[in-house]
Amino acid sequence: MKTKKIRVIFVCLGNICRSPLGEGVFRHLVEEKGLVEYFIIDSAGTASYHAGELPDPGSRRIAEKHGISLNGQYARQFIANDLTQWDYIIAMDSTNHSNIRQLGALSSGNLHLMREFDPEGLGDVPDPWARGDEAFLETYTIIRRSCEKLLEHIIKEHHLPQ
Ligand code: 4NP
């Protein structure tokens, strides 16, 4: 058993729509592969508007439909102290990415865009907030395939058992 865990955090604006899905989907994939003991997984928002809230009902619905648990998630703000606490900071869009950078110095190479890992295209993970279930499905689909590749990438980078 590894002693130093691999720390992965997903970051969006409000931490109620996209990043809770990132956290939930990634944890689900890690559990499926039996790799839970290697990871610490979290999510946060660059803004504090929704601190303390549960994930948005749209995210909860789409997660539940796909057997993904968002239980135990409450929104919190991403703060300067987080910058060096995580091996992988995964920003959902370019605005989140630049807001994170503006908070201060990062650890070398630890900040990424979610869609760097999307085999079907770059760009932002669309924000489904205050939109309908179709928007949440599109967002979920992008996050799901990006998280699959992200986990493959981390497994290789850290020589984890497969
Ligand atoms: P998220 O979506 O960043 O994916 O959690 C949003 C949630 C709330 C707001 C914007 C985006 N808002 O403006 O309150």
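Quick notes on this one:
- Put a plus charge on the Cβ of each Lys and Arg, a minus charge on the Cβ of each Asp and Glu, and nothing anywhere else: the dipole of the stretch 75-156 about its Cα centre is then about 260 debye.
- Straight-line cross-link reach from residue 4 at under 17 Å between alpha-carbon atoms covers these lysines, not counting any fewer than eight positions away in the same chain: 156.
- For the pair the stretch 77-145 and the stretch 11-35, the centres of their Cα atoms are 11 angstrom apart.
- When shorter helices are ignored and each DSSP H run of at least 4 residues is given -39500 (n - 2.57), the per-residue value for the chain at 222 nm works out to -11500 deg cm²/dmol.
- Shape category assigned to the stretch 6-157 from the gyration tensor of Cα positions, a/c cut at 1.5: rounded
Values in this text are rule-based calculations from the coordinates and carry no lab data. These figures come from a predicted structure and were not determined experimentally. A quick note on method: Cβ atoms are made from the backbone with ideal geometry, for glycine too, and the neighbour counts reach across all protein chains shown.
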